[in-house]
Each structure stands twice: as structure tokens, then as C-alpha cells.
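Colleague: Once you've had a glance at the structure underneath, I'll fire off some questions.
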Amino acid sequence: MINLKKISFLKHKKYREKNSLFICEGKRSILSALLKPQAIYRIYFSKSFMSKNKEIINKANSLKIPFKELPKKELEYLSQTKSPSGILALCFLSKEMKLNLTVKRWLFLDNISDPGNLGTIMRSALWFNFKNIALSKNCVDAYNPKVVRSSMGAIFHLSVHRDINLIEFKKDYEIIGTNQKESNLDSFKTPKKFILIIGSEARGISKENLKHINNRLGIKRLGFGDSLNAAIAASIIMYRLSM
């Protein structure tokens, strides 16, 4: 017997931490998760989803991942979206590992509070090969359902570290921040070993972290506008620093 109420509680951080599980929804996200099958605890799907997507269930079966069909109403109860896709998975929270200070580049997210922004930044980070991400203490939780959904499965292929203090990187890395008043991104020479800080859209980089920055980068404005969305700015800068 499935305890739907207990599963639905996983939308809250304290229950995710208590059970070491989080919810992942959507076909594309779960296809990405299936590339790391050890991350999946169980998969639930509707009859209509199964009829159109047998290959996913067959893949789960071949990987020996437990799965179960649920009535549509039960899946809707568990879903965090207005239009459920018909499939969701319970996945294991990643075990917190020691910071790897030998890798050449890190992404540090400072007080990012919008789940959609954090998930989108994760998606871009994976695309531009920034596989190591540190989140400051006041960031939205990496396993928030909206973050997981926005990451489109990227969260399963990144090394994400929560509640990290920037000072841990100061000795080993050149620390790069952002400043919308600058327009030096095109001419910037990428250091061999660096950590890029992206601040929140509303408040920017926190005062406590500003004092540790070695370089400030900005994207040249070619038209009109007040600022760029944090996820868009992060994506542009990661692309430039990856070249």
C-alpha cells in the first residue's frame, strides 16, 4: 500500500531531508535520471502514459528499478504541476561529498531564491561543463520540486554542494564576480582555475562575498533594459568562460 500523503510531504524540505528522497516529474527529466539509475528509488506512472511511453517502463524494468501504475487521480494528488505529465519518480538525495578543490572551475550561487532561476542555471551549467556547483546558505533548496523540474534532469549529472561558504575557495581559486556596470566580458582572459559567483536577481552578490572577489565581469548592453535575468546572465558568462 502506497502512502500518498507521505510522498506528497516531500514537497517540503524537512521531509526530503528526513527521508533522503525527492520527487522528480516529467518524461524528459526521468529519461535523464535513468542515465543514473542508482539515483532512482521508484517510478510511478499512469495507464495513459504507459500506453504511449512503453520504452521508459521497459528501460526501468531492464535496470531493475521498481515501478508501479497509479490511478490518474493519485498521480495528480502527488504532482506539483497544474498539468501532470503522467510520470514521476522518487529519487535519492545525493550524499554530500567533500569539496573537490582540484577541479579547474566551480560555479557559486549566492542567495538565489527563485527556484526557476536555480533550475535553469543548473541546466546551463551542465551544458557548458560547469559540473561543480556550490550553493550559499540562503539559496533555495536544490531539491525543491520547481528547481528539479526547471533543471530538466541536469541535477542528476552535477555535483551540487549546499550551505557552502565562499571563503573555502579563496586560497585555491581566482574568484570572479559579476557587475552590470562593466562591459569587459569579451576581453577577459579566463584564469586557469577559477570560481564564478552569480548573485540573486534582486540583491546581487552579498556584501560578505563581494570583498573576496578578484575580478568583476559584465555583459555589454547592446540595446535597452535595466538588467538581465540571473539565469540568462549566468548562461552567457559560462559560455564565454568555456571558450
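The values are calculated or read from the model by the stated rules, or taken from the named source; none is laboratory data. Keep in mind that what you see is a predicted model, and the values were worked out from it rather than measured. Virtual Cβ from ideal backbone geometry, glycine too; neighbours counted across all protein chains shown. Quick note on the areas: whole protein, heavy atoms, side chains included, nothing else; ligands and nucleic acids left out. Shrake-Rupley method; radii C 1.70, N 1.55, O 1.52, S 1.80 Å.
Colleague: Order the following by accessible area, largest value first: VAL140, VAL148. Probe radius 1.4 Å; ligands, DNA and RNA are ignored.
Modeller: VAL140, VAL148
Colleague: About its Cα centre, what dipole magnitude does the chain give when the only charges are +1 on Lys and Arg Cβ and -1 on Asp and Glu Cβ, stated in debye to the nearest 20?
Modeller: Magnitude of the dipole: close to 520 debye.
Colleague: Of the listed peptides 226-239, 149-162, what is their order by residue-averaged count of other C-beta atoms within 10 Å, with the highest listed first?
Modeller: 149-162, 226-239
Colleague: If you don't mind, another one. Once you sort the root eigenvalues of the Cα gyration tensor of segment 193-241 as a ≥ b ≥ c, which label holds: rounded (a/c under 1.5), prolate (a/b larger than b/c) or oblate (the other case)?
Modeller: Here segment 193-241 falls in the oblate category.
Colleague: Over the chain, with every protein chain in place, what whole percent of the accessible area is carbon and sulfur at 1.4 Å, could you tell me? Intermediate values should be presented prior to the final figure.
Modeller: Working: 6930 of 13660 Å².
That share works out to 51 percent.
Colleague: Please compute the modelled spin-label separation between SER159 and GLN180, points set 7 Å along Cα→Cβ, answer in nm with one decimal.
Modeller: In this crude label model, GLN180 to SER159 measures out at 3.3 nm.
Colleague: Can I ask one more? Considering amide H positions built from the backbone, and no H for Pro or chain starts, which residues 5 or more places from ARG216, or on another chain, come under 5 Å of its amide H?
Modeller: Residues meeting the criterion, in which the H sits 1.01 Å from N, are GLY177.
Colleague: Sort LYS73, LYS146, LYS27 by heavy-atom solvent-accessible area, probe 1.4 angstrom, most to least.
Modeller: Highest to lowest solvent-accessible surface, that is LYS73, LYS146, LYS27.
Colleague: Hey, could you get me the Stokes-Einstein D for the chain, Kirkwood radius over alpha-carbon pairs, 4 °C and 1.567 mPa s, rounded to whole µm² s⁻¹?
Modeller: Taking Rh from Cα pairs, D becomes 68 µm²/s.
Colleague: Still on this structure: Within the set LYS104/LYS170; LYS18/LYS95; LYS6/LYS36, which residue pairs have Cα atoms separated by over 18 Å? Let's see the in-between values first.
Modeller: On the way: LYS104/LYS170 14 Å; LYS18/LYS95 13 Å; LYS6/LYS36 25 Å.
Pairs exceeding the cut-off: LYS6/LYS36.
Colleague: Next up: What does the charge count around LEU118 come to, taking other residues whose C-beta lies under 12 Å from its C-beta (Lys +1, Arg +1, Asp -1, Glu -1)?
Modeller: Taking every Cβ under 12 Å from that of LEU118, the sum is 0.
Colleague: So, for the chain, what is the accessible surface per residue at a probe of 1.4 Å, expressed in square angstrom?
Modeller: 56 Å²
Colleague: Normalising by the residue count of the chain, find the relative contact order in percent from Cα pairs under 8 Å and 6+ residues apart.
Modeller: 20 percent
Colleague: Once you sort the root eigenvalues of the Cα gyration tensor of segment 152-243 as a ≥ b ≥ c, which label holds: rounded (a/c under 1.5), prolate (a/b larger than b/c) or oblate (the other case)?
Modeller: Rounded shape, in that the Cα axes give a/c under 1.5.
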